[in-house]
Amino acid sequence: MVHAQAAKRAPRDLLIKGGTIVDSLGVRRGDIAVGRDGRIVAVGVNLEGQADVLDASDCFVAPGLVDLHCHLRQPGDDEAESVETGSRAAALGGFTAVVAMPNTEPPVDNAAMVHEVRALARNALCDIFPAGAITVGRRGERLAPIGEMAEAGVRLFTDDGRGVQDGGLLRNALEYASSFQAVIAEHCEEESLSAGGHMNEGEWSSRLGLEGMPSEAEEIMVARDIALLRLALRRCDAKLHLMHLSTRRAIAYVRSAKAEGLEITAEVTPHHFTLTDAEVASFDPVYKTNPPLRSRMDVVAVRAGLADGTVDAIATDHAPHPRERKEVPFAEAAFGVIGLQTALPLALTELPMPVENIIASLSWKAADIARIPLTHGGPLEVGFPANLCVFDPSARWVVQAQAFASRSKNSPYIGRELRGRVRHTLLWGEPVVVDGEAQR
Amino acid sequence: MNLLSVADLPLEDLERILKKADDFAPGVGDPTAIHREKTLALLFFEDSTRTRVSFERAAKRLKMEVMNFSVGGSSMSKGESLRDTVKTIEATGIDVVVMRHQASGAPWQVASWIKSSVINAGDGWHEHPTQALLDCYTIRKATGVIEGLHVVIVGDIKHSRVARSNVLALSRLGADVTIVAPYTLLPPNIDSWPVWVSQDLDVVIPKADVIYMLRMQRERQTASLVPSLREYTASYGLTAERAECLPENAVIMHPGPMNLGVEISADVADLPCSLITTQVKHGVAVRAALLHEIL
């Protein structure tokens, strides 16, 4: 949590006028006054006062978005992204908090690395919450010092980029992390089935002559992890979060686990609810992701999972890669797409859900999973920190590469018209984005 | 104009190239050297003997200038990117790039980066359209027709660009195609292909007009897709005994290079009904016709 400095940057009183508030308490008209301490000082209709006014007419005023799944690449891969550029992209996308994945070089698998990422985040345009690795070096062999990292403030542990292949080890991780009220977040992939694959296994991989990654590689892991959670829950309050689910049966398994009463959460990415593996027919590596883009049926299931609450959160899996890792043959290209500046607009454009449900999955439900509900995700009430996102839900715009603040431009949505645009973002009261422009 | 996939060729273009190939057959005399000013670049990122030589001969029949680029191994391992490599080559003044690459789809990207024509001479497991053209030409020369013929393709379909392109071309020209392979060597979702599928070569052989054997690579054994090459040969090899069960006018084909004793026995490859060397001979004529068509 890196907000002490940010608060100093909120030297003025602010008034957010003319918007519609949407938070966990519901939807209502209201202005919000923000004090010099970076907290909300008044909420009400037609507030007046000596303050700088941020226009929110035609806009929703929501708690800042929280990205559960973001690759900021620092340390180790500054060419792809930096904490600063990634955080600027986040702010422009309405995020005030992001969970930074630990698959950096070296990986974040000890407290010293946690502090190093924190130090890099000192001037970030959003709060950065480093996630820690579950296993040493993310090698899946033995537990990383989870207690030491928890002591340093880490609440989410993941080997993301890989799943923990050894079931006994994941069981230990679930049980051990529960003593620190930490959540184990799994990248669900059985590697013996997916190794060497470049895209979803199916009609398209068959036709295109590319090695496939079958849905079952994900589903076996989801089913195994649910079983391991059930086992761990026999003796402790284990917490399991499943990341970037992409298949219809993975969603169904989570639905049935929740029906059984298991405490489990799940996230999906915008690319998995908007794109299918048919895109790979262009052989453009911008469509190469892990998990891979799946079939139309899977996309429908991911959307249904969001609509019925089986899926708790939308996370970006923002995965920047420089041109030289994407302007290569498909089989040689890196996995991943960037997503911070397009997540909210894609959700607003593509999901037939009420806006409060969309914001729930992008903000307060994600904040709960990341264990940061007191600082992010609202509610927008007096005394709460002014981490806010003001967005116009009907503004139309065309995605352009040069508008990305990220160092990398590997977005599959360039050229696409989207509905919904972030107008202002406030971080601890500081307007880091005003009228769609980053302020620093 | 590019030729990346058989699917890029409308039926009339396909037919026109096959007809045109007659003009470039060996012994037909010297075709007019209308492409003397044109330059062809051979860009092979993967080993090849017959395809490379065949294109070179074809280009020379058209009096084109041929530039050979040796780019063994992955472009990335050399340090220079594929994009920079092809852009550099194009800058030297090239009209058509003939490329082979170990990654499926690589020619699609190259075609998006450069203005010259691109001919796919094999990309990964994906396509090898000129092989399909020369195979269709060979079948038609030998049997007179393609429509209604029963073509049986045997072997490692999953990893075969030859199979993918041939299935597209043959089914478009009206052949009935049956694929014979163990399930581990079939691509996923084979039901979406316009083919029949069988695991029993002995049942299919007596009904084949054309039997097309694919190369079986040793790596498939290491990856546990088959227990051993010996077991593969026992079930799927074209042995002398099996060849005897072929109908009287059936022909035998193979894209080369052959693993003699694995997918096909040496004696079978040399049978009078084997078109294996004819395929190579026709490759030059068909590729010359294609170049003539594209330029």
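The values are calculated or read from the model by the stated rules, or taken from the named source; none is laboratory data. Please read all numbers here as calculations on a predicted model, not as lab measurements. Note: ideal-geometry Cβ built from the backbone for every residue, glycine included; neighbour counts use all protein chains shown.
Within the range A:180-203, how many residues turn out to be within 14 Å of chain B (Cβ to nearest Cβ) and either out of contact with any Gly (no Cβ under 9 Å at 6 or more places or on another chain) or farther than 10 Å from A:P292 by Cβ (or both)? I'd like the intermediate steps shown before the answer.
At the first step, the residues of the range A:180-203 found to be within 14 Å of chain B (Cβ to nearest Cβ) are A:192-203.
If we keep only those that are either out of contact with any Gly (no Cβ under 9 Å at 6 or more places or on another chain) or farther than 10 Å from A:P292 by Cβ (or both) too, we end up with A:192-193, A:195-196, A:203.
Number satisfying all stated conditions: 5.
Please work out which residue is surrounded by the most Cβ atoms within 10 Å (Cβ to Cβ), limiting yourself to the range B:227-250 and to residues that are among the hydroxyl-bearing types (S, T, Y) and assigned to a helix (DSSP H, G or I).
Within the range B:227-250, the subset among the hydroxyl-bearing types (S, T, Y) is B:228, B:232-233, B:235-236, B:239.
The next check asks that each one be assigned to a helix (DSSP H, G or I); those that pass are B:232-233, B:235-236.
Values: B:Y232: 22, B:T233: 19, B:S235: 14, B:Y236: 24.
Residue satisfying both the conditions and the ranking: B:Y236.
Starting from residues that are away from chain A (no Cβ under 14 Å) and among the charged types (D, E, K, R), keep the ones in the range B:188-206 and report whichever is nearest to B:E244 (Cα to Cα). Can you show your working first?
Going through the range B:188-206, the residues away from chain A (no Cβ under 14 Å) turn out to be B:196, B:198-206.
Those still in the list that are among the charged types (D, E, K, R) too: B:200, B:202.
Working: B:D200: 16, B:D202: 11 Å.
Out of the qualifying residues, it is B:D202.
From the list A:A227, A:A177, which one is away from every other protein chain (no Cβ under 14 Å) and touching a strand residue (DSSP E or B) at 6+ places or on another chain (Cβ under 9 Å)?
The unique qualifying residue is A:A177.
Can you name every residue in the range B:251-270 that is of a type outside the set (G, A, S) and crowded, with 16+ Cβ neighbours inside 10 Å?
First, pick out the residues of the range B:251-270 that are of a type outside the set (G, A, S): B:251-255, B:257-260, B:262-264, B:267-268, B:270.
Result: B:V251, B:I252, B:M253, B:H254, B:P255, B:M258, B:N259, B:V262, B:E263, B:I264, B:V268.
Among the residues of the range A:45-60 satisfying the criterion of being of a type outside the set (A, V, I, L, M, F, W, C) and farther than 29 Å from A:R419 by Cβ, which is surrounded by the most Cβ atoms within 10 Å (Cβ to Cβ)?
Applying the filter and picking the extreme gives A:G49.
Select the helices (runs of 4 or more DSSP H) contained entirely in the range B:35-115, then report the ones holding at least 3 residues which are under 23 Å from A:D284 (Cβ atoms) and within 13 Å of chain A (Cβ to nearest Cβ). Spell out the reasoning first.
On the way: elements: B:50-61, B:82-91, B:106-113.
So the answer is B:82-91, B:106-113.
Evaluate the following for A:V299: is it assigned to a helix (DSSP H, G or I), surrounded by fewer than 24 Cβ atoms within 10 Å (Cβ to Cβ) and more than 14 Å from chain B (Cβ to nearest Cβ)? Give the steps one after another, and end with the answer.
Working: assigned to a helix (DSSP H, G or I): yes; surrounded by fewer than 24 Cβ atoms within 10 Å (Cβ to Cβ): yes; more than 14 Å from chain B (Cβ to nearest Cβ): yes.
In short, yes.
Restricting the search to the range A:241-268, which residues are in a strand (DSSP E or B) and either hydroxyl-bearing (S, T, Y) or closer than 16 Å to A:E216 by Cβ (or both)?
Correct list: A:L242, A:T265.
Starting from residues that are of a type in the set (D, E) and away from chain B (no Cβ under 12 Å), keep the ones in the range A:204-221 and report whichever is nearest to A:A334 (Cα to Cα). Spell out how you get there, then give the answer.
First, pick out the residues of the range A:204-221 that are of a type in the set (D, E): A:211, A:216, A:218-219.
Filter again for away from chain B (no Cβ under 12 Å), leaving A:218-219.
Working: A:E218: 19, A:E219: 23 Å.
Top of the filtered list is A:E218.
For (1) buried (at least 23 other Cβ atoms within 10 Å of the Cβ); (2) in contact with a Pro (Cβ under 9 Å, 6 or more places away or on another chain); (3) modelled with pLDDT under 95, each residue gets a yes or a no:
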| position | (1), (2), (3) |
| --- | --- |
| A:A313 | yes, no, no |
| A:E324 | no, no, yes |
| A:I338 | yes, yes, no |
| A:P354 | no, no, no |
| A:K365 | yes, no, no |
| A:I372 | no, no, yes |
| A:L380 | no, yes, no |
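Look through A:M149, A:M113 and report the one residue that is modelled with pLDDT of 95 or more, over 25 Å from A:S192 (Cβ atoms) and surrounded by 23 or more Cβ atoms within 10 Å (Cβ to Cβ).
Values: A:M113 fails: surrounded by 23 or more Cβ atoms within 10 Å (Cβ to Cβ).
None of the other options fit; the residue is A:M149.
For the range A:116-132, enumerate the residues that are surrounded by 18 or more Cβ atoms within 10 Å (Cβ to Cβ) and either touching a strand residue (DSSP E or B) at 6+ places or on another chain (Cβ under 7 Å) or free of Cβ contacts under 8 Å to residues at least 12 places away in the same chain (or both).
Step one: of the range A:116-132, the residues surrounded by 18 or more Cβ atoms within 10 Å (Cβ to Cβ) are A:117-118, A:120-121, A:124-132.
Hits for the range A:116-132 are A:V117, A:R118, A:A121, A:L125, A:C126, A:D127, A:I128, A:F129, A:P130, A:A131, A:G132.
Looking at (1) within 21 Å of B:L246 (Cβ to Cβ); (2) facing chain A (nearest Cβ under 10 Å), which is the only condition B:K158 fails?
Just one mismatch for B:K158, condition (1).
Here are some conditions: (1) more than 26 Å from the chain's Cα centre (by Cα); (2) assigned to a helix (DSSP H, G or I). A:C236 meets all but one. Which one does it not meet?
(2)
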